[in-house]
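The block underneath contains the structure these notes are about, expressed in structure tokens.
The values are calculated or read from the model by the stated rules, or taken from the named source; none is laboratory data. These numbers were taken from a predicted model, which means no experiment stands behind them. Methodologically, a virtual Cβ is constructed for each residue, glycine included, from the backbone with ideal geometry; neighbour enumeration extends over all protein chains shown.
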Amino acid sequence: MNYKKLGNTDIKVSTISLGTMTWGEQNSEADGFEQMDYALDQGINFFDTAEIYSVPPKEETFGHTEEIIGNWLKKTKNRDKIILASKVAGPMRPYVRGGGYQFGKKTMTEAVEGSLKRLKTDYLDLYQLHWPERNTNMFGTLGYVHKEENDWNKFEDVLGNLKEFISQGKIRYIGLSNETPWGTNKFLEISKDHNLPRMMSIQNPYSLLNRTYEVGLAEISIREEIGLLAYSPLAGGYLSGKYRNNQLPKNSRIALDPKFWTRYNKPNTSKAVDAYYEIAKKNNLDLAQMSLKFCEIQPFMTSVIIGATTMEQLKSNIESVNVKLSNEIIKEINDVQKIYSNPCP
């Protein structure tokens, strides 16, 4: 396993981290336990979750994933062996603390304490804002329409709340998710100007089908030491090749909930996947492993979050750390990107 520092901290996290959002929906608690046992044994020390998991989020499964992780921590006594990350939801439906904005002091306090209780731990190593409260694009939305929000200047308040949680020992470090370059810079600026906690990571999508992070956020990541935690590095499974030729495997994410995963079902998705598949085949590589390794070697990357529903997938994905990509393979990948540029932004 390979390791990198989390932001400018002294914490070293595995460059492959364990995603957990399917536990409690597609995966049982027993599945989750098996995955955590294996991942830890393979050198993965970084687990990522969120209060709204399982996914797709719904009232009846809210917090289930955290509960599974908490039960594993209680059983194994392995809390000191992992870097544990969770997230507070952005604006939500009424089943989450009455709905609406969630970054106020009262709602954030309830969120932190709820996560700690479900995870059966006294502290979180990384606590992330799951998505912005202000009006901005996220989750693949294009065509930005600006709405002036004179009442939204909450950066200082949010950081103040997080500072209090850090002082109380409930969280160690903080991060962003589904954030823009402007929002990231604003948080960094205000933390510096007002001596408030500093964001250490950004959890955004990044894959061979969505390299939009490179446009603005990559430079910020490197210059400001606020690295990417890449989610959906296999684009919802498309870069495993399992959906090629119009296949729809039983119990796959797309088969179970096609409406939730529409961001990957775009006009050029299949063409780009086929092109990457041919590169992998030509070089005797597994498509998923090649895709993950490309993410891992990016200079702005801290960790690639993998999420598997089977142990076979998990083992193969972790093995990607041992894959070598030559300069020629990287060139071929970049050539495909020029033809099918970010088909799934």
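The figures follow:
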quantity: Among the candidates Tyr264, Tyr231, Tyr243, residue that is among the hydroxyl-bearing types (Ser, Thr, Tyr) and over 19 Å from the mean Cα position of the chain (by Cα); calculated: Tyr243
quantity: Number of the exception - Ser326 against (1) hydroxyl-bearing (Ser, Thr, Tyr); (2) under 28 Å from Gly43 (Cα atoms); (3) loosely packed, with under 14 Cβ neighbours inside 10 Å; (4) modelled with pLDDT under 95; calculated: (4)
quantity: Selected residue [among the aromatic types (Phe, Trp, Tyr), over 17 Å from the mean Cα position of the chain (by Cα) and not in a loop (DSSP other than H, G, I, E, B)] from Phe103, Phe165; calculated: Phe165
quantity: So Ile226, is it among the hydrophobic types (A, V, I, L, M, F, W, C), crowded, with 19+ Cβ neighbours inside 10 Å and either farther than 25 Å from Lys293 by Cα or at pLDDT 95 or above (or both); calculated: yes
quantity: Residue check for Gln26: modelled with pLDDT under 95 and in contact with a helix residue (DSSP H, G or I) (Cβ under 8 Å, 6 or more places away or on another chain); calculated: yes
quantity: Count - residues of segment 34-67 that are of a type outside the set (S, T, N, Q), in contact (Cβ under 8 Å) with a residue 12 or more places away in the chain and not in a loop (DSSP other than H, G, I, E, B); calculated: 13
quantity: Test: residue in segment 217-232 that is of a type outside the set (Lys, Arg), part of a loop (DSSP other than H, G, I, E, B), at negative phi and touching a helix residue (DSSP H, G or I) at 6+ places or on another chain (Cβ under 7 Å); calculated: yes
quantity: Odd one out for Ala275, checked against (1) farther than 22 Å from Phe46 by Cβ; (2) aliphatic (A, V, I, L, M); (3) not in a helix (DSSP H, G or I); calculated: (3)
